Amino acid sequence: MSVRELVILGTASQVPTRHRNHNGYLLRWDGEGILFDPGEGTQRQMLRAGVAAHDLNRICVTHFHGDHSLGLAGVIQRINLDRVPHEVTAHYPRSGQRFFDRLRYATAYRETVTLTEAPVDTDGALARTPGYTLDARRLSHPVESYGYRLTEPDGRRMLPDRLAAHGIKGPDVGRIQREGVLNGVPLDEVSEVRRGQRFAFVMDTRLCDGVHALAEGCDLLVIESTFLDEDEALAVEHGHLTAGQAARAARDAGVRHLVLTHFSQRYSEPEEFERQARAAGYEGELTVARDLLRVPVPKRR
Ligand SMILES: [Zn+2]
């Protein structure tokens, strides 16, 4: 069975704490693994979470602050040490190419793996696979930052009672799916749209159009909430979100499962993020991220 889940490797902004590693998130999407924002210590967090270098197909970096990218050096060297047999593709803001170069070649090691650099410099699609389209969208932060979104193509769900009513069974079911029509019966008549699933990864940013576009209709949204609402002035100044801002964006976008993360070290009570998100009117599934937590993509509706 195909697995779609988020593995949370780290949840701290800027400074790791006794309980929170720097950022790091692995999305398992069917057979593929996409690593987002590997901060310092990501290699060891992968070990603790049961994620192997072989699990990685793609790396997406939102921006070049250390808590989102210092782990690249270790993760890239590990991919090579383990001789990962497939290509790995890295996306990151093109304006930070010099940082990527330094992290990729931080120390001496033997390169054994094809690591394809696919930097981002505009909104739009980065990759299309049978399982998803990956898009980037510009965010608002003191350094150039892009959020990422996976959209599964819509499919069709066959309706057994309609098939039976038209006497369609056995190999004819496959035939009408392939050909779109069978003996004058159109596919629409015996099936309905099965909406593709959507995932987005949003950090670091102030509220902006990109936040709303990325969050729209997501089954699972991972979004930064560095600050609590009482520190909104700080959030605006430093280019971050508060718990209430993130939750309102998720509410307005119809998000089904919201994951808040990237917390400032100044706060010691994660419950307060949950309380403020609920006070903002978000009613879907809510997770205040902890290191090494696994969050399944919600079941299809
Ligand atoms: Zn950050």
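What single numbered condition from (1) within 24 Å of Thr42 (Cα to Cα); (2) under 18 Å from the mean Cα position of the chain (by Cα); (3) of a type outside the set (Phe, Trp, Tyr) fails to hold for Thr129?
So the condition that Thr129 fails would be (1).
Name every residue in the range 192-203 that is open to solvent by 10 Å² or more (accessible area, probe 1.4 Å) and either within 15 Å of the ligand (Cβ to nearest atom) or of a type outside the set (A, V, I, L, M) (or both), in order of residue number. Reasoning before the result, please.
Of the range 192-203, the ones open to solvent by 10 Å² or more (accessible area, probe 1.4 Å) are 192-195, 197-198.
Glu192, Arg194, Arg195, Gln197, Arg198, listed by residue number.
For (1) among the β-branched types (Val, Ile, Thr); (2) without any contact (Cβ under 8 Å) to a residue 24 or more places away in the chain; (3) outside the structural domain of Leu221 (by TED's automatic domain parsing), each residue gets a yes or a no:
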{"position": "Arg18", "(1), (2), (3)": "no, yes, no"}
{"position": "Leu26", "(1), (2), (3)": "no, no, no"}
{"position": "Gln43", "(1), (2), (3)": "no, no, no"}
{"position": "Val51", "(1), (2), (3)": "yes, no, no"}
{"position": "Asp55", "(1), (2), (3)": "no, no, no"}
{"position": "Ile59", "(1), (2), (3)": "yes, no, no"}
{"position": "Leu72", "(1), (2), (3)": "no, no, no"}
{"position": "Gln77", "(1), (2), (3)": "no, no, no"}
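Write out, first by first residue and then by second, each pair whose Cβ atoms fall under 6 Å of each other, whose residues are 6+ apart or on separate chains, and whose first residue, in the range 222-241, is more than 21 Å from Asn23 (Cα to Cα) while the second is assigned to a helix (DSSP H, G or I).
Asp229/Gly244; Asp229/Gln276
Listed here are the residues, each with its yes/no results for (1) assigned by TED's automatic domain parsing to the domain that holds Gly50; (2) aromatic (Phe, Trp, Tyr); (3) in a helix (DSSP H, G or I); (4) modelled with pLDDT of 95 or more.
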| residue | (1), (2), (3), (4) |
| --- | --- |
| Phe199 | yes, yes, no, yes |
| Gly217 | yes, no, no, yes |
| Gln245 | yes, no, yes, yes |
| Asp252 | yes, no, yes, yes |
| Glu269 | yes, no, no, no |
| Glu272 | yes, no, yes, yes |
| Gln276 | yes, no, yes, yes |
| Tyr282 | yes, yes, no, yes |
| Arg301 | no, no, no, no |
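With Arg138, Arg206, Arg156 as the choices, which residue is open to solvent by 30 Å² or more (accessible area, probe 1.4 Å), within 16 Å of the ligand (Cβ to nearest atom) and either at pLDDT 95 or above or not aromatic (Phe, Trp, Tyr) (or both)?
On the way: Arg138 fails: within 16 Å of the ligand (Cβ to nearest atom); Arg156 fails: within 16 Å of the ligand (Cβ to nearest atom).
Going through Arg138, Arg206, Arg156 in turn, the sole match is Arg206.
It is to be established whether one or more residues within the range 66-84 are in contact with a Phe, Trp or Tyr (Cβ under 6 Å, 6 or more places away or on another chain), over 18 Å from Tyr105 (Cβ atoms) and not small (Gly, Ala, Ser).
No, the range 66-84 contains no residue that is in contact with a Phe, Trp or Tyr (Cβ under 6 Å, 6 or more places away or on another chain), over 18 Å from Tyr105 (Cβ atoms) and not small (Gly, Ala, Ser).
What number of residues within the range 40-70 satisfy the criterion of being among the hydrophobic types (A, V, I, L, M, F, W, C), within 16 Å of the ligand (Cβ to nearest atom) and open to solvent by 40 Å² or more (accessible area, probe 1.4 Å)? Even if it seems obvious, please write down each step before you answer.
Quick first cut of the range 40-70, residues among the hydrophobic types (A, V, I, L, M, F, W, C) only: 46-47, 49, 51-53, 56, 59-61, 64, 70.
Now restrict to residues that are within 16 Å of the ligand (Cβ to nearest atom): 60-61, 64, 70.
Now restrict to residues that are open to solvent by 40 Å² or more (accessible area, probe 1.4 Å): 70.
Of the residues in that region, 1 qualify.
Somewhere in the range 29-38, is a residue free of Cβ contacts under 8 Å to residues at least 40 places away in the same chain, more than 16 Å from the ligand (Cβ to nearest atom), open to solvent by less than 10 Å² (accessible area, probe 1.4 Å) and in a helix (DSSP H, G or I)? Talk me through it step by step, then tell me what you get.
Within the range 29-38, the first condition is being free of Cβ contacts under 8 Å to residues at least 40 places away in the same chain, and the residues that meet it are 31, 33, 38.
Now restrict to residues that are more than 16 Å from the ligand (Cβ to nearest atom): 31, 33.
Narrowing the set further to residues that are open to solvent by less than 10 Å² (accessible area, probe 1.4 Å) leaves 33.
Within this subset, residues satisfying the condition of being in a helix (DSSP H, G or I) are none.
No.
Go through (1) within 25 Å of Arg198 (Cα to Cα); (2) in contact with a His (Cβ under 7 Å, 6 or more places away or on another chain); (3) open to solvent by less than 20 Å² (accessible area, probe 1.4 Å) one by one and return the number of the condition Phe227 breaks.
(1)
Name the one entry in Ala253, Ala277 that is within 18 Å of the chain's Cα centre (by Cα), in contact (Cβ under 8 Å) with a residue 40 or more places away in the chain and over 17 Å from Leu6 (Cβ atoms). Talk me through it step by step, then tell me what you get.
Details: Ala277 fails: within 18 Å of the chain's Cα centre (by Cα).
One residue alone meets the criteria, Ala253.
Would you tally the residues in the range 149-197 being part of a strand (DSSP E or B) and under 33 Å from the mean Cα position of the chain (by Cα)?
Just the residues of the range 149-197 that are part of a strand (DSSP E or B), to begin with: 149-151, 155-158, 181-182, 185-186, 191-194.
Checking which are under 33 Å from the mean Cα position of the chain (by Cα) leaves us with 149-151, 155-158, 191-194.
Number satisfying all stated conditions: 11.
Exactly one condition in (1) more than 17 Å from Thr226 (Cβ to Cβ); (2) surrounded by 19 or more Cβ atoms within 10 Å (Cβ to Cβ) is false for Glu87; which is it?
All conditions pass for Glu87, except number (2).
Restricting to the range 219-243, and then to whatever is within 16 Å of the ligand (Cβ to nearest atom) and part of a helix (DSSP H, G or I), can you tell me which residue is nearest to the chain's Cα centre (by Cα)?
Among those that are within 16 Å of the ligand (Cβ to nearest atom) and part of a helix (DSSP H, G or I), it is Ala243.
The values are calculated or read from the model by the stated rules, or taken from the named source; none is laboratory data. The structure presented is a predicted model; accordingly, all values stated were derived computationally and were not measured. Methodologically, a virtual Cβ is constructed for each residue, glycine included, from the backbone with ideal geometry; neighbour enumeration extends over all protein chains shown. Please note that ligands, DNA and RNA were not included when accessible areas were found on the heavy atoms of the full protein model with its side chains. Shrake-Rupley method; radii C 1.70, N 1.55, O 1.52, S 1.80 Å.
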